[in-house]
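These notes concern the structure reproduced below.
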Amino acid sequence: MRHSGSDRIEVEVGGLAEDARLSVTDNGTGAEEGAARDGFGLRGLRERVASVDGSVSTENLPGGGFRLLVTVPAERTAAPAVVGSGG
């Protein structure tokens, strides 16, 4: 709201058996191309979400507004254990 000039924000949380989703949409002016990709802390958010095998997408909406969608697996598969050789 601070950057976009919006006066309304909608947050939706949901998902399916395989993933959880968070959508945040506002009715502001949208974002400049570079900001929509990496601005407003999005680079750090993308890195944190990627660390749990999730994804982040952003888009400017037709007629104004901005949407952020975060999707993460409902259950993360643990990395295989590394067994060391005795020696």
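The values are calculated or read from the model by the stated rules, or taken from the named source; none is laboratory data. Please read all numbers here as calculations on a predicted model, not as lab measurements. Note that each Cβ is placed from the backbone with ideal geometry, even for glycine, and that neighbours are counted across all protein chains shown.
One residue stands out in the range 13-38 among those that are modelled with pLDDT under 90 and over 13 Å from GLU59 (Cα atoms): the one that is farthest from the chain's Cα centre (by Cα), namely ALA17.
Residue count for the range 39-60 satisfying the condition of being part of a loop (DSSP other than H, G, I, E, B) and either out of contact with any His (no Cβ under 7 Å at 6 or more places or on another chain) or at pLDDT 85 or above (or both): 6.
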